[in-house]
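Asker: Dropping a structure here in C-alpha cells format, bear with me for questions.
The values are calculated or read from the model by the stated rules, or taken from the named source; none is laboratory data. As the structure is a prediction and not an experimental result, all values here were calculated from the model. Here the Cβ positions follow ideal geometry from the backbone for every residue, glycine too, while neighbour counts run over all protein chains shown.
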Amino acid sequence: MAEQALPVEKGVTAPAGESTFMRLAKYTLMRTVVLFFTVVAGVYVTVIIANMGGYVDEIRRGEIRENISIAVMNNPAYKSYTLEQKRELIEELSRLEEKRLGLDKPFLVRSFFFLRNALTLRLGFAQRMVSDAGSRQVRLIILERLPTTLLLFGTADLLLFFSSVFIALILSRQYGSFWDRVFVALSPTSAAPGWFYGIFLILVFASWLRILPFGDLVDVPPPETPVLYALSVLKHLILPTMAIIIGAIFVSVYSWRTFFLIYSSEDYVELARAKGLSDRTIERRYILRPTLPTIITNFALLVISLWTGAPILETVFNWPGLGRTLFQAIGLFDVPVIVGSTVIFAYLLAITVFLLDILYAIVDPRVRIGGGGGR
C-alpha cells in the first residue's frame with residue numbers, strides 16, 4: 001500500500017499547485033474588479049456632491065458673466081458702444097467662455113467626463129487654489145501635500161498598532177491588575193476623535209509649557225542642513241502623532257486585550273502551559289500566529305479609520321497635508337481639488353483593502369481563494 005500511495009500523491013500534487021495558482025489569479029482579478037467599481041461609485045458620488053448637482057456650474061457661469069461685464073464696461077475700446085451693443089458683446093463673450101470651459105453641456109454629461117478624468121488622474125486645474133510653486137495643476141497640488149499626510153498617518157498608524165498589541169499582550173497576562181482596570185476604565189475616552197485631544201495638547205505643550213511648536217511642518221525659517229530639517233520635522237510631528245494615538249489607544253488596547261484573553265483560554269494553549277512552555281513562546285506560537293489574519297485585518301481597518309479624520313486633524317495642527325488641502329478646497333468650492341483629493345484617498349483605501357485581501361488569503365488557510373469547488 002505504501003508503494004501505491006506514492007504515485008497517487010505525486011499525481012495529485014502538480015494539479016493542486018496549478019489549481020491554487022489559478023484560484024489565486026481568479027480571486028485577485030475578482031477583487032480588483034469589485035474594488036474598481038467601488039472606487040468608481042465613490043468618485044462619481046463625490047463629483048455629484050462637489051458640484052452640488054450642477055449648482056456650482058451656475059455659480060461659475062455667474063462669475064464668468066460678472067467678470068466679463070466688468071471688463072467690457074471698463075474697456076475704453078467699447079466706450080462708443082451703446083448699452084444694447086455692450087449687452088450683446090457680454091452675452092457673446094460669456095457664451096464663448098462657457099463653451100471653452102465645457103459649461104455649455106448639461107451637467108449630467110459633464111459629470112461622466114469628470115469621472116473619466118478623475119479615474120485616469122487627469123485632474124485638470126484648480127479654480128482658486130495654487131501649489132507652493134504657484135501652479136494651478138491639481139496633480140501638482142496633491143503631490144506636494146500627499147507625502148506629508150503619509151508621513152504623519154504612517155508614523156501614527158505603526159506606533160499605535162504595535163504599542164496597542166504589545167500593551168494588550170501584557171494586560172492579558174495580568175488580567176484584573178491595576179493597569180488592566182485603568183485601560184478598561186479609559187476605553188470610552190476613545191469616543192472623542194484625535195483632533196479633540198490635539199487642541200488640549202496644543203494648549204498644554206505649545207501655549208503653556210512652550211516646549212513644542214503649535215503646528216506646521218517645520219520651523220520658520222526652515223533649517224538649512226538636512227539633519228536639522230529632519231529634526232525640525234520630527235519635533236513638529238510629535239503633537240499630531242500623540243493626538244492620534246491618545247484618541248485611539250485605549251479602545252484599541254481594550255479590544256486586543258479581550259481578544260487575546262479569549263484565545264489564551266483555548267485548550268491547546270492550556271496544554272502548552274502544562275508542557276511548561278514559557279509565556280513568550282505560547283504567545284508567539286499559540287496566540288499571535290493563529291490570530292495573524294485578524295491582526296492584519298485590524299491593522300488595515302485602523303489605517304482606514306484614521307485617514308477619515310485627516311481633514312480636521314491636519315487643519316487643527318496646520319499640517320500641510322492632503323487632508324488640510326481637502327478642507328480648504330471645500331471652503332473655497334474648488335471642485336477639481338475636492339474631486340482630486342477624494343480620488344487619491346479612494347485609491348489609497350482601495351489599495352489597502354486589496355493588499356489586505358491578498359495577504360489575508362495567503363496567511364489564513366481557512367480562506368477558500370476564488371471560492372473554488374475543490375479543496
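Asker: For LEU355, state whether it is of a type in the set (A, V, I, L, M, F, W, C), surrounded by fewer than 16 Cβ atoms within 10 Å (Cβ to Cβ) and farther than 18 Å from LEU150 by Cβ.
Answerer: Working: of a type in the set (A, V, I, L, M, F, W, C): yes; surrounded by fewer than 16 Cβ atoms within 10 Å (Cβ to Cβ): yes; farther than 18 Å from LEU150 by Cβ: no.
Here the answer is no, as LEU355 does not meet what is asked.
Asker: Which one of PHE214, PHE205, PHE250, PHE259 is under 23 Å from the mean Cα position of the chain (by Cα) and surrounded by 12 or more Cβ atoms within 10 Å (Cβ to Cβ)? Outline the logic, then answer.
Answerer: Numbers: PHE214 fails: under 23 Å from the mean Cα position of the chain (by Cα); PHE205 fails: under 23 Å from the mean Cα position of the chain (by Cα); PHE259 fails: under 23 Å from the mean Cα position of the chain (by Cα).
Selected residue: PHE250, the only one of PHE214, PHE205, PHE250, PHE259 that is under 23 Å from the mean Cα position of the chain (by Cα) and surrounded by 12 or more Cβ atoms within 10 Å (Cβ to Cβ).
Asker: Could I ask something else about it? Quick check on my filter: what residues within segment 34-49 are surrounded by 14 or more Cβ atoms within 10 Å (Cβ to Cβ) and more than 19 Å from the chain's Cα centre (by Cα)?
Answerer: ILE48
Asker: OK, next. Suppose we filter THR315, THR325, THR308, THR241 for residues that are in contact with a Phe, Trp or Tyr (Cβ under 6 Å, 6 or more places away or on another chain), within 30 Å of VAL138 (Cβ to Cβ) and not charged (D, E, K, R); which single one remains?
Answerer: From the options THR315, THR325, THR308, THR241, the qualifying one is THR315.
Asker: Any chance segment 124-133 includes a residue that's in a helix (DSSP H, G or I) and either of a type in the set (Phe, Trp, Tyr) or closer than 17 Å to GLY340 by Cα (or both)?
Answerer: no
Asker: Oh, and also: For segment 122-175, which residues satisfy the criterion of being at pLDDT below 85, surrounded by 17 or more Cβ atoms within 10 Å (Cβ to Cβ) and not small (Gly, Ala, Ser)?
Answerer: Within segment 122-175, LEU123, GLN127 meet the criteria.
Asker: So if I check each of VAL269, VAL233, VAL253, which one is of a type in the set (Val, Ile, Thr) and within 19 Å of PHE183 (Cα to Cα)? Show your work before the answer.
Answerer: Details: VAL269 fails: within 19 Å of PHE183 (Cα to Cα); VAL233 fails: within 19 Å of PHE183 (Cα to Cα).
Result: VAL253 is the single residue among VAL269, VAL233, VAL253 that is of a type in the set (Val, Ile, Thr) and within 19 Å of PHE183 (Cα to Cα).
Asker: Taking the conditions exactly as written (free of Cβ contacts under 8 Å to residues at least 60 places away in the same chain and over 14 Å from VAL47 (Cα atoms)), does LEU96 satisfy them or not? It would help to see each step written out before you state the result.
Answerer: Working: free of Cβ contacts under 8 Å to residues at least 60 places away in the same chain: yes; over 14 Å from VAL47 (Cα atoms): yes.
Here the answer is yes, as LEU96 does meet what is asked.
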